[in-house]
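Undergrad: What follows is a single structure, and I will ask about it in a moment.
The values are calculated or read from the model by the stated rules, or taken from the named source; none is laboratory data. Predicted model, so just to flag it, every value in this text is computed and none were measured. With ideal geometry, Cβ positions are generated from the backbone for all residues, glycine too; neighbour counts draw on all protein chains shown. Surface areas here come from the heavy atoms of the whole protein model, side chains and all, with no ligands, DNA or RNA. Shrake-Rupley method; radii C 1.70, N 1.55, O 1.52, S 1.80 Å.
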Amino acid sequence: MMVNESVTEPIEKIGSETIVADVAIVGGGLAGSLAAAVLARAGHRVVLVDKRAVYPDEFRVEKIAGQQLAILRRLGFVRELQRVACPYDRILNIKEGKLVDVSVGQAYGLPYADLVAMARGLLPDPSSFIVDQVTGVTCSDDTQHLSLASGRSVKSRLVVLATGMAGVLGYNLGITRRVLAAGHSVSFGFTIARSDNRPFDFEALTCYGDRAADGVDYLSLFPVPGGMRANLFMFRDPADPTMRELRRETKSTLLRLLPGLQPYLGDFRVIDQVRNWVMDLSVVEGHLQPGVVLIGDAFQTNCPAAGTGVSRLLVDVERLCTEYVPRWLETDGMGQEKISQFYLDGDKIAADQHSLKLAWFRQALTSSNDIRWGVQRRLHFLRRNLTHRVDQIRPGWVARVRGALRA
């Protein structure tokens, strides 16, 4: 989608207490900020509300690739991403110290806080971003109201909740969250460098776990502006002593779990704080209500190892902000019949279902002791390695065969 910055309309103020807009977005993370930018650049009056003027340095999304890039390109935001991120297009994939295959495709690495700052910077009118806390929300078939901690209020036709897993506002509307799997996965993020400060001998690298008992899915190493970033994804009890060891003795524990890494990394050190994240798989219920729509993690959480979180988020933003909201605003009312169109969107449903399916698949493939999954693990990596060898002998042949099968 090509955007038009010249048609953006300013938000309206009634006196000094009430702000009037077409769409009020609560939550200034990646989902909310991108949604605000898309709608504002299309000429709609948008208010984005978040309690933080600068998003904190959190361990969240740190790389963009594949379908995610395609959507950002359609939205017209790829150039901005390229300005702030580190590009790479070749990933060595290894297991037990041996090469499985090589992934080729454009990707970008950057801290989540920088990604959010980029998204917020896309807003054509900085005044549409309000640093405040939403304390209450009231929704109806026609007009929605937000109460802010400062005493101000926002009046809009539609409210978009992009609040992640923070569900207080949703609970006040009767929206609840159903946990499908508590502590489904554990992720660690940190930055490494060689002890001699020389660059590593690879652009990016993925190392898969050796044994099901370890619960290690994979370690992803990729460049970011601050160095070589490491994302470790595991399916293991968050209370397991290994979790504490990874935080306190990161290097030695990492090499114990993934001994095949040593030849590729050489002598390295961890150069920043080790952060970890325990993810529950959950979905919301009671969300079909007039005047309000949920996007991103506010609607459904994802398994970080599956890599589908940003893809889902971007599908939500693209479908809601380019297909539905412009059409909804053309006519009066904002009842359930309009809101349901977004939740019933085929692309959204497919992305949500694929995300959950892949979450369960990666968990079973990584850590299941069942004989069937053990065989599937071996076949999975054998198939990848054989495909890689064939492609080395006859470059492009595998891609042509796959293309013919899809046709």
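Undergrad: Among the numbered criteria (1) free of Cβ contacts under 8 Å to residues at least 24 places away in the same chain; (2) within 30 Å of Gly227 (Cα to Cα), which one does Tyr171 miss?
TA: Here Tyr171 meets the rest and fails (2).
Undergrad: Okay, moving on. Taking the stretch 261-287 on its own, how many of its residues are buried (at least 16 other Cβ atoms within 10 Å of the Cβ) and farther than 16 Å from Gly189 by Cα?
TA: Residues that pass the stated criteria total 7.
Undergrad: If you go through the stretch 121-162 one residue at a time, how many are under 22 Å from Tyr324 (Cβ atoms), outside any strand (DSSP E or B) and either open to solvent by 40 Å² or more (accessible area, probe 1.4 Å) or of a type in the set (A, V, I, L, M, F, W, C) (or both)?
TA: Adding up the residues that qualify gives 9.
Undergrad: Touching a helix residue (DSSP H, G or I) at 6+ places or on another chain (Cβ under 6 Å), of a type in the set (Phe, Trp, Tyr) and open to solvent by 30 Å² or more (accessible area, probe 1.4 Å): does that describe Trp360? Walk me through it before giving the result.
TA: On the way: touching a helix residue (DSSP H, G or I) at 6+ places or on another chain (Cβ under 6 Å): no; of a type in the set (Phe, Trp, Tyr): yes; open to solvent by 30 Å² or more (accessible area, probe 1.4 Å): yes.
For Trp360, the condition - touching a helix residue (DSSP H, G or I) at 6+ places or on another chain (Cβ under 6 Å), of a type in the set (Phe, Trp, Tyr) and open to solvent by 30 Å² or more (accessible area, probe 1.4 Å) - is not met.
Undergrad: Are there any pairs with C-beta distances below 6 angstrom linking a residue in the stretch 101-115 that is free of Cβ contacts under 8 Å to residues at least 40 places away in the same chain to a residue that is surrounded by fewer than 23 Cβ atoms within 10 Å (Cβ to Cβ), with the two at least 6 apart or on different chains, and if so which?
TA: If the second residue must be surrounded by fewer than 23 Cβ atoms within 10 Å (Cβ to Cβ), the pairs left are Val104/Arg90.
Undergrad: Go through the stretch 165-194 and give me each residue that's hydrophobic (A, V, I, L, M, F, W, C), open to solvent by 10 Å² or more (accessible area, probe 1.4 Å) and part of a strand (DSSP E or B). Before the answer, list the steps.
TA: To start, the set of residues in the stretch 165-194 that are hydrophobic (A, V, I, L, M, F, W, C) comprises 165-166, 168-169, 173, 175, 179-182, 186, 188, 190, 192-193.
Filter once more, keeping what is open to solvent by 10 Å² or more (accessible area, probe 1.4 Å): 165-166, 168-169, 173, 179-182, 193.
Within the stretch 165-194, Val179, Leu180, Ala181, Ala182, Ala193 qualify.
Undergrad: Is it fair to say Met118 is part of a loop (DSSP other than H, G, I, E, B) and touching a Lys or Arg at 6+ places or on another chain (Cβ under 9 Å)?
TA: On the way: part of a loop (DSSP other than H, G, I, E, B): no; touching a Lys or Arg at 6+ places or on another chain (Cβ under 9 Å): yes.
When the stated conditions are applied, Met118 does not pass them.
Undergrad: Just to be sure, is Arg244 under 17 Å from Ser187 (Cβ atoms) and either surrounded by fewer than 16 Cβ atoms within 10 Å (Cβ to Cβ) or basic (Lys, Arg) (or both)?
TA: yes
Undergrad: Would you check if Val292 is open to solvent by less than 60 Å² (accessible area, probe 1.4 Å), out of contact with any Gly (no Cβ under 9 Å at 6 or more places or on another chain) and touching a residue at least 40 places away in the same chain (Cβ under 8 Å)? Reasoning before the result, please.
TA: Working: open to solvent by less than 60 Å² (accessible area, probe 1.4 Å): yes; out of contact with any Gly (no Cβ under 9 Å at 6 or more places or on another chain): no; touching a residue at least 40 places away in the same chain (Cβ under 8 Å): yes.
No, not satisfied.
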